[in-house]
Structure formats: C-alpha cells, structure tokens
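Just so you know, all these numbers are worked out from the coordinates, no wet-lab data involved. Keep in mind that this is a model prediction, so the values were computed, not measured. Ideal geometry is used to build each Cβ from the backbone, glycine not excepted, and the neighbour counts take in all protein chains shown.
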Amino acid sequence: MTMIEHYQAVLIFLLVGIAMVVAPMVMLTLLRPKKPSLEKSIPYECGKDPIGDAQVCFDLRFYTDALIFVVFDVEAAFMFPWAVVFRSFKERGLSGFALVEGAIFAGILLLGLIYVWAKGDIDWVKSLQAQPGVVRKEGLEPTMPEPPRELPDLPDFDDDEVAVAPPAPAPAPAGAHAGH
C-alpha cells in the first residue's frame, strides 16, 4: 500500500465526516417552515421572557476554578497512556527510566498545584484583604462595595398562563359627536 492510498483513506474519512455534519444542516434549511415573527426573534431562556441586561457580571472564581480543573483533569488523563507504556518499558528493562519520567511529570503537576494554592486561587471564600473593592479606613471596620440594584418584583406566570393587556377603547367613528 503506497502513501497516497493511506491518505486516500483519510481523505474519504474526512469527506464522509464533513458530509454527515453538513447534509442535515442543508436539509433542515431547505425543509423547515419559514414563518418569521417578532416573538420568534427575541432571545429567551427556559420559556420565560428575558428580564434585565444580558451582560451580567459573573464572579471570576468560576472561570479560574474551571480552568484549574481542566488543566489537572487533562494532565491526569495523560497518566493512563503513560501507565500503558510503562508496562512495555518494564518488559525491556527500562522501568526506572519510565518511572523517573512519570515522577517528573507528577512533580510538575504538584508544583502547579502548590502555585495555585499559594496564590489563593483554590480558596473559594477569600479573606477581606484579598477581595477587590473592599474599602479600608483607619480605625473602622472594612465595608463591602455597594450591591447592584435589585430588579423590580415582577409577577411570576405559570407556563400555561399568559399576561394579556386589557383591550384599548375603540376610537369613535369620524363624524360622531359626543352630545348626540
């Protein structure tokens, strides 16, 4: 089998994969009903009308904790192939070399864990000194920044209830007088 034949198999696999993604999208675009309306164009979540601004400020700790989890999770996943390769190194008498490589890898992970721990990124509840926006004045207790303004209380509708505005009064026909 030549190298071109190997690449032909990869090319066919790639084209079939692309076709499996693109074909349903094209079919749905051609076959779906097209009835645009204002109600369909507004964003919503869970069937409720959106309230407030979409640019909500999330706590950065969610992102840092997620990033730390992903880094350590992926690195831990790399330990499984190393364990498989370790067996073959053991059969060839090179288990010491593979063990040192694994220890170096785990040591780097441990250093990363110590770094984020020392930096305080693992602590969910930070001390008042580490929180940005905390106002400190000599001789006074620290005060927290002002909380964001609260949303007004809105009626909570069930899924089958619909808020309907009362009908507007019909305009009087032209030529009609109020006194007659």
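Stretching the chain fully between Phe78 and Ile12 yields a gain of 20.8 nm (0.36 nm per residue, less the alpha carbon separation).
Electrostatic bookkeeping for Ala98 treats Lys and Arg as +1 and Asp and Glu as -1; over the other residues with beta carbon under 10 Å from its beta carbon, the sum is +2.
Residues in segment 2-15 carry Karplus couplings, in order, of 7, 5, 5, 5, 4, 5, 5, 5, 5, 4, 5, 4, 5, 5 Hz; the curve used is 6.51 cos²θ - 1.76 cosθ + 1.60 with θ = phi - 60°, and Gly or Pro positions show x. P(r) tail, segment 8-123: Cα-Cα pairs separated by more than 18 Å, 76% of all pairs. The phi-based Karplus calculation (6.51 cos²θ - 1.76 cosθ + 1.60; θ = phi - 60°) puts the 3J(HN,Hα) values of segment 83-91 at 5, 5, 5, 4, 4, 5, 5, 5, 5 Hz, whole numbers, x for Gly and Pro.
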